[in-house]
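Okay, so here's the structure we're looking at.
Read-outs throughout are calculated quantities, based only on the coordinates presented, and are distinct from any laboratory measurement. In this text the structure is predicted, and so the values were computed from the model without any measurement. Quick reminder, even Gly has a Cβ in these numbers, built from the backbone with ideal geometry, and neighbours come from all protein chains shown.
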């Protein structure tokens, strides 16, 4: 009898959860993640890219005293700058994706908008990255 | 007793799915799609407009990169002259304004028009703050003797900056208009496509600035 009671309680609980969760499951998944947390991540990424901006000021300062720097140090600085560039582009990609998915609400949507927005972001970043590396 | 409970639970869950939309239950009474993929927010017209704006900014970026290839000295020296703090502040303002727009959309979906209007007004205030920071930044540049006639980087910076500022003003006007429509009762929990369109346009402006900030202020 206790087993039957437990089973009935479990079934009631399951049906109750199903009733509660079913509307939630049908809602766009992007609304499950709170926008405030997305905003916090975006702010942190922005601060990180600004910190990198301040850090890369070393290069122009060094360029002014270029006769005092040897070749190995120049190569090392160049590698750091390329890494900084890739890091910044990665940050921009992450930020752009977060805005597209969670702020614009395009995550898990049908149709072309999400594909076009993300393709645009990737294409522009590839162009910028390629240009900065080559020139 | 138990089969009765099971039947009630199933009926209740079916009912909750039916309440979500006619397409949830097919003509035979079975479940067609439990979780249909939602459409992108906003109207088709606003998406066409957004693609056109993105093309415009894309051409600006290409122009910037071509100028950089031809005048590398200008573009390596130029970013040092700018105020990274201004760019950073504007980025944070625009991100916060996007959050306000998201909150406004959440409020209208719950039918809370007063809260929607408040969030929209907050977004417009953030846009005004962005304009204020831009004004201070340009004033600072003028005080330091930085002019668009100096070099190609500064000319590109002013061109892209002013264009983005113009789009922010358009976005603010659009949001102001939809806030008025919301106040007059044109939008509610079920019908708010115009508001969604304006919100999507504002997020596009934010996304473009996310690309512009590192391009002008970060990457040397």
Original post:
Along each of its three principal axes, how wide is the spread of alpha-carbon positions in the stretch B:177-220, in whole angstrom units, largest first?
Top reply: 50, 17, 10
**OP:** Take residue B:138, project a point 7 Å from its Cα along the Cβ direction, then tell me which residues of the stretch B:154-180 have their backbone nitrogen under 15 Å from it.
**Re:** B:155-170
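Based on the mean of other Cβ atoms within 10 Å per residue, sort peptides B:141-149, A:119-127, B:207-215, B:172-180 so the most packed one is first. Walk me through the numbers before you get to the answer.
Values: B:141-149: 12.1, A:119-127: 16.3, B:207-215: 23.9, B:172-180: 18.2.
Listed from highest to lowest mean packing, they are B:207-215, B:172-180, A:119-127, B:141-149.
Would you mind giving the mean number of other chain beta-carbons within 10 Å of the Cβ of each residue in B:202-215, as a whole number?
Values: counts 2, 8, 4, 0, 6, 11, 3, 1, 13, 9, 0, 7, 13, 5.
Mean shielding count: 6.
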Original post:
Tell me, what are the semi-axes, in whole angstrom and largest first, of the equivalent ellipsoid of the stretch B:44-218 as set by the roots of 5 times the Cα gyration tensor eigenvalues?
Top reply: 34, 17, 11
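Ignore the peptide's own chain and count Cβ atoms of other chains within 10 Å of each Cβ in B:70-78; give me the average, rounded. Mind dumping the intermediate values first?
Values: counts 1, 1, 1, 0, 0, 3, 4, 2, 0.
Taking all residues of B:70-78 together, the mean is 1.
Other chains near B:41-48: what is the mean number of their Cβ atoms within 10 Å of each residue's Cβ?
Numbers: counts 6, 3, 0, 2, 0, 0, 5, 0.
For this peptide, the per-residue mean of nearby foreign Cβ atoms is 2.
Between residue B:177 and residue A:12, what is the FRET efficiency for a Förster distance of 56 Å, r being their Cβ-Cβ separation, to the nearest 0.05?
Working: r = 50 Å, r/R0 = 0.90.
Once rounded, the FRET efficiency stands at 0.65.
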**OP:** May I ask you to derive the FRET efficiency for residue A:43 and residue B:71 from their Cβ-Cβ distance with R0 = 30 Å, giving the value to the nearest 0.05?
**Re:** 0.30
